[in-house]
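As structure tokens, the structure follows; a few thoughts come after it.
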Amino acid sequence: METSINLDPLPPSREIPSAFTSSVRSWWHVGEKESAIAEERLLRRLPFYRPSTPASSPPSTPVDGPVTATSSRVQLSNQQHYLNTVSITSTSPSSTAPPPAVLLHGYGAGLGFYFQNLPTLANWAALRSSAVYALDWLGMGRSARVPFNVKAKREDVPGRVAEAESFFVDSLEEWREKMRLNKVTLIGHSLGAYLSVAYALKHPTRVDKLILLSPAGVPRGPNYEEPSRELTDQGPGVQHPSGSKDGSKESSTFHRATKGKVNKIQEEQKENKQKESKTRRLFTYLWEEGWSPFQVVRSTFFWGPMLIGKYSSRRFTGLTPEETRDMHDYIMNITLAKGSGEYCISHILEPGAHARMPLVDRIDKLPKDIRVTFVYGDHDWMDPTGGYEAVQRLKKAGNQNARMYIVDNAGHHVYLDNKDTVNDLLMQELES
């Protein structure tokens with residue numbers, strides 16, 4: 001799908017700061033305009049992408065191809081609320097097309113994290129005359145950064161969880177209504193996967209399938225998930241874009257999960273927990289005290305871009321140098337934006353990062369006809385035992401469409417660590 005559009009060039013991303021002076025310069029240029037440019041750099045890798053234009057501007061040139069991709073802010077009923085959305089739609093839609101796929105990012109991330117998965121999903125949309133949407137949760141990414149408040153008392157755990165989940169779930173449902181979508185397939189990562197299940201439990205008739213990538217909040221605690229890993233995770237190892245550690249071609253696959261494979265991942269998590277650094281312990285302590293890791297970074301002011309650079313240059317080693325710079329610029333802009341939805345985390349997760357109301361105890365309430373797929377990396381820091389037990393509980397409840405996969409050479413950001421394998425898996429699940 002090589003249809004392309006002539007667009008004015010964007011300024012290149014700055015080098016990732018490695019010194020205080022360059023960190024100050026990066027901090028000074030953070031803002032809404034730079035955030036939009038950073039996102040667009042990632043999305044322009046789609047040759048059929050058209051940036052959003054003000055209403056007063058002339059309409060964009062139509063795309064001569066099977067799909068088109070556009071960005072927009074979808075306004076919700078509250079005038080202060082909107083969801084940043086990328087829409088990939090077929091230019092020949094069909095009334096018999098399967099439900100569109102909706103990509104939902106994880107904690108403190110944004111839709112741009114899926115830039116390497118969108119081309120494959122666009123091919124699916126073209127093939128099936130359907131659509132693919134990626135959106136930022138309310139209070140995260142480039143969606144409205146509105147105040148996040150929970151009124152339930154500290155000891156009212158069900159009330160706190162319900163309020164925190166509703167902040168996101170209700171805005172997603174309103175977005176679905178605004179987009180006039182009858183039914184959707186939700187593809188969620190980490191917290192986005194957790195909230196996808198919460199949405200399906202509240203609006204079961206609106207969900208066709210759930211594809212849960214390294215979901216948070218599934219098992220009962222205590223487990224080996226660490227909230228601080230959102231900022232200190234190093235990924236599965238140094239991976240070259242070709243797929244192997246030395247740059248040679250390597251066969252990476254996904255496998256049906258077995259109890260033995262799940263136990264192996266958990267043993268690795270135990271070892272990592274024992275090696276936990278003082279920095280990570282500090283992040284974990286602050287998290288447990290009600291801080292978010294992104295709040296910690298913002299509190300460092302001028303040092304923030306350099307701290308973020310240490311994470312992005314270490315975590316996404318499988319990307320090209322240009323892609324890594326673009327990802328860093330994107331992450332920096334959304335991380336240093338006003339805190340909002342990120343403060344949900346202490347209401348959803350207990351100290352130690354296991355869920356206050358684990359999904360494993362709720363997921364079997366889903367309708368039996370919703371296909372539920374769990375996906376973990378073989379070096380994941382999310383505990384896969386919850387996913388394994390959830391599949392068993394779903395099957396016991398009569399849902400024979402539940403399954404779980406382990407992806408080779410991948411960590412928590414499984415869709416980026418091993419994009420080709422995950423893209424194949426997404427195509428398989430969408431077509432099933």
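Scanning the range 174-190 for residues that are in contact (Cβ under 8 Å) with a residue 12 or more places away in the chain and open to solvent by 10 Å² or more (accessible area, probe 1.4 Å) turns up GLU174, ARG176, LYS178, MET179, LEU181, ASN182, LYS183. Here the condition is being assigned to a strand (DSSP E or B) and hydrophobic (A, V, I, L, M, F, W, C); of LEU121, LEU103, it holds for LEU103 alone.
When ASP420, ASP364, ASP408 are checked against the criterion of being more than 25 Å from PRO204 (Cβ to Cβ) and more than 18 Å from the chain's Cα centre (by Cα), a single residue qualifies: ASP408. A Cβ distance below 6 Å, combined with a sequence gap of six or more or placement on separate chains, defines the contacts here; from the range 113-137, residues that are under 22 Å from LEU172 (Cα atoms) and among the acidic types (Asp, Glu) reach residues that are at pLDDT 95 or above and part of a loop (DSSP other than H, G, I, E, B) in the pairs ASP136/GLY110; ASP136/ARG142; ASP136/SER143. Determine whether the range 338-360 contains at least one residue that is surrounded by fewer than 19 Cβ atoms within 10 Å (Cβ to Cβ), polar (S, T, N, Q) and free of Cβ contacts under 8 Å to residues at least 60 places away in the same chain. No, the range 338-360 contains no residue that is surrounded by fewer than 19 Cβ atoms within 10 Å (Cβ to Cβ), polar (S, T, N, Q) and free of Cβ contacts under 8 Å to residues at least 60 places away in the same chain. Residue check: is TYR415 touching a residue at least 40 places away in the same chain (Cβ under 8 Å), within 22 Å of VAL102 (Cβ to Cβ) and part of a helix (DSSP H, G or I)? In short, yes. Looking only at residues that are modelled with pLDDT under 95 and open to solvent by 10 Å² or more (accessible area, probe 1.4 Å) in the range 398-412, which one is farthest from LYS368 (Cα to Cα)? Checking each candidate, the answer is ASN409.
Of everything in the range 44-95 that is of a type in the set (A, V, I, L, M) and over 28 Å from GLU322 (Cβ atoms), the residue that is modelled with the lowest pLDDT is ALA55.
Answer yes if at least one residue in the range 33-43 is at pLDDT 80 or above and either among the basic types (Lys, Arg) or over 27 Å from the mean Cα position of the chain (by Cα) (or both), and no otherwise. Yes; the residues of the range 33-43 include at least one that is at pLDDT 80 or above and either among the basic types (Lys, Arg) or over 27 Å from the mean Cα position of the chain (by Cα) (or both).
Of everything in the range 314-323, what is out of contact with any Ser or Thr (no Cβ under 6 Å at 6 or more places or on another chain) and either of a type outside the set (A, V, I, L, M) or open to solvent by less than 10 Å² (accessible area, probe 1.4 Å) (or both)? Give them in sequence order. If the condition is that a residue be out of contact with any Ser or Thr (no Cβ under 6 Å at 6 or more places or on another chain) and either of a type outside the set (A, V, I, L, M) or open to solvent by less than 10 Å² (accessible area, probe 1.4 Å) (or both), then ARG314, ARG315, THR317, GLY318, THR320, PRO321, GLU322, GLU323 are the ones that fit.
Results for (1) modelled with pLDDT of 75 or more; (2) over 23 Å from ASP417 (Cα atoms); (3) aromatic (Phe, Trp, Tyr), shown as yes or no for each residue.
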position	(1), (2), (3)
LYS261	no, no, no
TRP287	no, yes, yes
GLY290	no, yes, no
VAL296	no, yes, no
PHE316	yes, no, yes
THR324	yes, no, no
ILE331	yes, no, no
TYR343	yes, yes, yes
LEU349	yes, yes, no
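Does the range 174-184 include one or more residues that are closer than 22 Å to VAL218 by Cβ and not in a helix (DSSP H, G or I)? Within the range 174-184, one or more residues are closer than 22 Å to VAL218 by Cβ and not in a helix (DSSP H, G or I). Where the second residue is of a type in the set (Lys, Arg) and open to solvent by 30 Å² or more (accessible area, probe 1.4 Å) and the first is closer than 10 Å to GLY341 by Cα and lies in the range 145-171, which pairs have Cβ atoms under 9 Å and are six or more apart or on separate chains? Going by the 9 Å Cβ cut-off, the qualifying pairs are ARG145/LYS338. Any residue in the range 221-239 that is open to solvent by less than 10 Å² (accessible area, probe 1.4 Å), in contact with a Phe, Trp or Tyr (Cβ under 6 Å, 6 or more places away or on another chain) and modelled with pLDDT of 90 or more? Scanning the range 221-239, I find no residue that is open to solvent by less than 10 Å² (accessible area, probe 1.4 Å), in contact with a Phe, Trp or Tyr (Cβ under 6 Å, 6 or more places away or on another chain) and modelled with pLDDT of 90 or more, so the answer is no.
Among the residues of the range 117-130, are any aliphatic (A, V, I, L, M), more than 15 Å from the chain's Cα centre (by Cα) and either open to solvent by 10 Å² or more (accessible area, probe 1.4 Å) or modelled with pLDDT under 95 (or both)? Checked the range 117-130: at least one residue is aliphatic (A, V, I, L, M), more than 15 Å from the chain's Cα centre (by Cα) and either open to solvent by 10 Å² or more (accessible area, probe 1.4 Å) or modelled with pLDDT under 95 (or both).
Take ALA109 and tell me if it is open to solvent by less than 10 Å² (accessible area, probe 1.4 Å) and modelled with pLDDT under 95. In short, yes. The number of residues in the range 306-330 that are touching a Gly at 6+ places or on another chain (Cβ under 8 Å), within 13 Å of ALA109 (Cβ to Cβ) and part of a helix (DSSP H, G or I) comes to 3. Of all residues in the range 144-173, those satisfying the criterion of being farther than 27 Å from HIS354 by Cβ and open to solvent by less than 40 Å² (accessible area, probe 1.4 Å) are ALA144, VAL146.
The values are calculated or read from the model by the stated rules, or taken from the named source; none is laboratory data. The shown structure was predicted, so the numbers you read here are calculated from the model rather than taken from an experiment. Reconstructed Cβ throughout: ideal geometry from the backbone, glycine too, with neighbour counts over all protein chains shown. Only protein heavy atoms, including side chains, enter the accessible area calculation; ligands, DNA and RNA are left aside. Shrake-Rupley method; radii C 1.70, N 1.55, O 1.52, S 1.80 Å.
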